[in-house]
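Coordinate-derived values only; no laboratory data. Just so it is clear, the structure is predicted and the values come from calculations on it, not from any experiment. Note: ideal-geometry Cβ built from the backbone for every residue, glycine included; neighbour counts use all protein chains shown.
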Amino acid sequence: MRILHLTMILVLSSGIVCFAEKQGLLIDDFENQVSGGPSGTVDFGAGGGSSVEVTASSDTRHSGSQSIKVIYDAVPGGYIWVARGFELDVENADWLIKPQDIDWKKYNAISFYIYGSNSGAKIAFDIKDNGNELWRFMIDDNFKGWNKIICPFKEFFARSDWQPDSADKNSQLDFPLKSFQFEPRPVAKGTVYFDCVELE
């Protein structure tokens, strides 16, 4: 009987370890205070006639105590950004873990949860690589409620519409990544929620 108990404990323990290995690495959960400005926690803004408002939401969240709520109006010729990470124009937008502390070879995708409203809007998810080059993954708001979006690194494409002056533009996704950002694309207007950004 003792041997049976020990065997069951070993099997259950190995199952827990395997399950843990399949878990993603949480890099951002939006649980801290959400604010803009130079000393803020989210780098966000808009131009060209578009507008955006970013707050925390405790009513609509996937997990934890809150998500990030984005109210937007994306017009033709305009642009929006809602960014978190490192080397941004705000002081306190850091992820839960520093990019240099991540073993990037272990991961082949980045994911996030989005609360959709089936609006038909297109939403860009950008990542900035180690050479300051921006890479893009597109999704459609064609569902209702929380949905996990997994973005394989191999499916990102280098942005051709705009790159920072500091971007090396070598068309190679260079790790470690520095930041990510969401951008509802024109023409669209509405509210969307994001939560739990992970490496997969």
Test: residue in the range 99-112 that is farther than 13 Å from residue 179 by Cβ and in contact with a Lys or Arg (Cβ under 7 Å, 6 or more places away or on another chain): yes
Residues that are surrounded by fewer than 20 Cβ atoms within 10 Å (Cβ to Cβ), in a loop (DSSP other than H, G, I, E, B) and touching a residue at least 24 places away in the same chain (Cβ under 8 Å), drawn from the range 96-128: 96, 97, 102, 107, 108, 118, 119, 120
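The rows are residues; the columns are (1) of a type in the set (A, V, I, L, M); (2) over 22 Å from residue 60 (Cα atoms); (3) in contact with a Ser or Thr (Cβ under 9 Å, 6 or more places away or on another chain).
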| position | (1), (2), (3) |
| --- | --- |
| 88 | yes, yes, yes |
| 93 | yes, no, yes |
| 111 | no, no, no |
| 139 | yes, no, no |
| 171 | no, yes, no |
Selected residue (criterion: nearest to the chain's Cα centre (by Cα)) from residues of the range 64-95 that are of a type in the set (S, T, N, Q) and buried (at least 18 other Cβ atoms within 10 Å of the Cβ): 67
The range 26-62, residues that are in contact with a strand residue (DSSP E or B) (Cβ under 6 Å, 6 or more places away or on another chain) and of a type in the set (S, T, N, Q): 50, 51, 55, 57, 60
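Could you please give the count of residues in the range 158-182 that are among the hydrophobic types (A, V, I, L, M, F, W, C) and either loosely packed, with under 12 Cβ neighbours inside 10 Å or assigned to a loop (DSSP other than H, G, I, E, B) (or both)? Let's see the steps before the verdict.
In the first step, residues of the range 158-182 are kept if they are among the hydrophobic types (A, V, I, L, M, F, W, C); the result is 158, 162, 167, 173, 175, 177, 180, 182.
Next cut, either loosely packed, with under 12 Cβ neighbours inside 10 Å or assigned to a loop (DSSP other than H, G, I, E, B) (or both) only: 162, 167, 173, 175, 177.
Residues in the range 158-182 being among the hydrophobic types (A, V, I, L, M, F, W, C) and either loosely packed, with under 12 Cβ neighbours inside 10 Å or assigned to a loop (DSSP other than H, G, I, E, B) (or both): 5 in total.
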Subset of the range 129-157 [crowded, with 19+ Cβ neighbours inside 10 Å and part of a loop (DSSP other than H, G, I, E, B)]: 129, 133, 141, 156
